[in-house]
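Below you'll find the structure, written out as C-alpha cells, and then a few comments.
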Amino acid sequence: MNKRASRMMKVFPWYSAFEGDLLFYIAVDTLFLTVVKNFSSAQVVSLASVSNFACILLQFPILGIIHKIGNTASVRCGAFFLLLSAIFITVGPNYWIIVLGRIFHDVAGIFKSASVVALENCLDDADSIQEFIKIRTQGNTIYAMITMLISFVASLMFNFNHYLPMLGCITTCLIGFILSFFVVDYTKYNKLNFKKREKVKIHYSKFVVLAIMVYGLFYPVVTSGQSDGKLFIQQNLLAELSVDNTSLVIGGIICFSRIVRVVSNMLFARIYKRYYLKVGIMLTVSLGLSIALLLFGSFVPQLFIRITAMALGYMIILFIRDPFRLYIQDVLFDYTPKEQHQTLMTLMEFAVKVGTTGTGFLFTLVLLKYSMAVVMAITLLIAVIEIILSVWLYRLIMQRQSCECF
C-alpha cells in the first residue's frame, strides 16, 4: 500500500501539470478564436458563459457519478474529456462545436477534482498529510514551468502556422491522459458506500458558505482578468500595431507572466507557512490591484507606459492564481470531515461555474453596447467585494481558533 501510494505521489505533480489546462491553447486562445475562427469579442466572452451554464446543470449529476465510480475512474474520465476538448476546439467549424469543446473542458474539471481528494486520501493513509501543500505546489510549479516554456514559442508557432499550437495542445492532453492511469486512490475512501454517503451531508455553517462564496467569486474575477484582460490588452495593441507585432508583444507578456507564475509557486509554501491565514487577504488585495492596473493602463496615451501597466496587472493575476486555490482547499480540508471533501470540492467548482456564468453573461450583454473598459470596471468592483468577503472569512477563522467552534 505504501509503495503504491508513494508511486502515485511521485506521478501526481506531473499529472497535475499536464492536466492543469489546455496547454499551448491558453497561450494563443484569443488570437486563435478571433483570427482563425473569426469570432467577435462578444462571442469569445460568451464561450465561457455558455459552457459554464451547461456544466451548472451537469454538476450534481456528475458528482453522483463520481461517488459511484470512485476517485480513480473519475480522474481518467477527466483526462479523457480534456483530450476531447482540445480536439473539438481545434477542428470545430463553427461556434457551437467549439462551445461543445468548452463544455468538455469544464466537465473535465469536475471529474479532475477527484484527483485532489485522491491525493489527500493517500497522504493521510501514509501519515504524510503535511505533504499536501508541498506536492500540490510541486504540481503547480511544474505546470507553471511548462507554460512558461510554451510561452517562449507559442506566438512564433502561431505566426508560422495558426494550427500548430493546437497540435501541441492535443499532444499534451494525450500525455496527461496516459499519466492519469498512474493516479490511483488505493484507500477505502475511493468509493463511498451507502453508510459513508450519509456522512457526506454538509453542515452549511457560516464558515463553509462564506469559504465557498469567497472561492466562487475569486476565480470568475481571475478568469475575467486573465482571458478578458488579455483580450483587452490585445485590442489596445491592435489599434496601433500589426497582428504579427501584437502577437509578439502579447507573447512576451505571457512569457514574463509565466516566469512570475513559476516564482509564485516556488515561493508559496514558504509564504503560506509564514503568513498562513493572512494569505487570503493578501491575495484578494493583489487581485484588486491587478484589475486596477489593467484598467488604468488603457487610459494612458503613451504606448510603452500603457503596455507596462497592463502587463504588470496581468502578471499579478498569474502570481496569485494558483496559491489561492491551495489556500482555500487547505482551510476547508482542515475544518471539515474527510467524507465531505469530495462534495465540498464539487460545491467549490459549482460556485465558480455560477460566478463565471453570471459574470460572463453580464459582460457579453455589456459588450453589445459598451467597450471592454466597462467590463474591466465592473470586474474591479467585484474584486473589491471579494476583498471584503475575504476579510470576513479571516475573522471567522480567527474566531474558530479562539472558541473551537463554527
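The values are calculated or read from the model by the stated rules, or taken from the named source; none is laboratory data. Computed from a predicted structure; not experimentally measured. All Cβ positions, even for glycine, are placed from backbone atoms using ideal geometry, and neighbour counts span all protein chains on display. What goes into the accessible areas is simple: the full protein's heavy atoms, side chains included, and nothing from ligands, DNA or RNA. Shrake-Rupley method; radii C 1.70, N 1.55, O 1.52, S 1.80 Å.
Pop out the ³J(HN,Hα) list for region 348-364 in order, Karplus 6.51 cos²θ - 1.76 cosθ + 1.60 with θ = phi - 60°, rounded to Hz; leave Gly and Pro as x.
With the stated coefficients, region 348-364 comes to 5, 5, 4, 4, 5, 4, 4, x, 5, 5, x, 5, x, 5, 4, 5, 4 Hz.
Out of the total accessible area of the chain (probe 1.4 Å, heavy atoms of protein only), what percent is carbon and sulfur?
Details: 11500 of 16860 Å².
Summing carbon and sulfur atoms, their accessible area is 68 percent of the total for the chain.
Build a GNM of the chain with springs between Cα atoms under 10 Å: which of Asn161, Asn265, Asn121 gets the top mean-square fluctuation?
Comparing Asn161, Asn265, Asn121 in the GNM, the peak value goes to Asn161.
Chymotrypsin sites (Phe, Trp or Tyr not before Pro) within region 241-302: which are DSSP loop residues with at most 15 other Cβ atoms inside 10 Å?
Numbers: sites: Phe256, Phe268, Tyr272, Tyr275, Tyr276, Phe296, Phe299; in loops: Tyr276, Phe299.
Answer in residue order: Tyr276, Phe299.
I want to check the label-to-label distance for Lys338 and Leu267. Put each point 7 Å from Cα in the C-beta direction and report it in nm to one decimal.
For Lys338 paired with Leu267, the spin-label model returns 3.5 nm.
Longest span of the chain, sites excluded, free of GluC sites (Glu not before Pro) in DSSP loop with at most 16 other C-beta atoms within 10 Å?
Working: sites that count: Glu240, Glu404.
Result, exposed sites excluded: 1-239.
In nm, what is the difference between 0.36 nm times the number of residues separating Leu58 and Arg7 and their Cα-Cα distance? Working shown, then result.
Details: separation 51, 0.36 × 51 = 18.36 nm, distance 3.27 nm.
Full-extension gain reported as 15.1 nm.
[x] 37, 26, 22; [y] 33, 24, 20; [z] 32, 28, 18: which one is semi-axes √(5λ) of the Cα gyration tensor in Å as calculated from this entry?
[y]
Running a GNM on the chain with Cα contacts under 10 Å, which residue among Ser242, Ser85, Ser155 ends up with the highest mean-square fluctuation?
Result for the chain, Cα springs under 10 Å: Ser242 fluctuates most.
By how many nm would the segment from Leu368 to Ile388 grow when fully extended, if each residue of separation counts as 0.36 nm and the alpha-carbon distance is taken off? Write out the running numbers ahead of the final one.
Numbers: separation 20, 0.36 × 20 = 7.20 nm, distance 3.03 nm.
In short, 4.2 nm is gained.
Treat each spin label as a single point 7 Å out from the Cα along the C-beta direction, and report the Asn159 to Leu238 distance in nm.
Each label point lies 7 Å from its Cα, and together they span 1.8 nm.
What residue among Ala239, Ala292, Ala114 shows peak mean-square fluctuation when the chain is described by a Gaussian network model with Cα springs under 10 Å?
Most flexible of the set in this elastic network: Ala239.
Using mean Cβ contacts within 10 Å as the protection proxy, how do 54-60, 367-373 order, highest first? Provide the component values of the computation, followed by the final result.
Working: 54-60: 17.0, 367-373: 14.6.
Peptide ranking by packing, descending: 54-60, 367-373.
Could you do me a favour and compute the accessible area per residue for the chain, 1.4 Å probe, result in Å²?
Working: 16860 Å² over 406 residues.
Per-residue accessible area for the chain comes out at 42 Å².
Going by the alpha-carbon gyration tensor, a ≥ b ≥ c the square roots of its eigenvalues, is region 255-318 rounded (a/c under 1.5) or, if a/c is not under 1.5, prolate (a/b greater than b/c) versus oblate? Could the numbers behind the result be given before it?
Values: a/c = 4.54, a/b = 1.89, b/c = 2.41.
Oblate.
For region 95-166, what does the alpha-carbon gyration tensor say about shape, rounded, prolate or oblate, given a ≥ b ≥ c as the root eigenvalues, a/c under 1.5 as rounded, and a/b over b/c as prolate? Walk me through the intermediate numbers first.
Working: a/c = 5.72, a/b = 1.66, b/c = 3.44.
Because a/c hits 1.5 or more and a/b fails to exceed b/c, region 95-166 counts as oblate.
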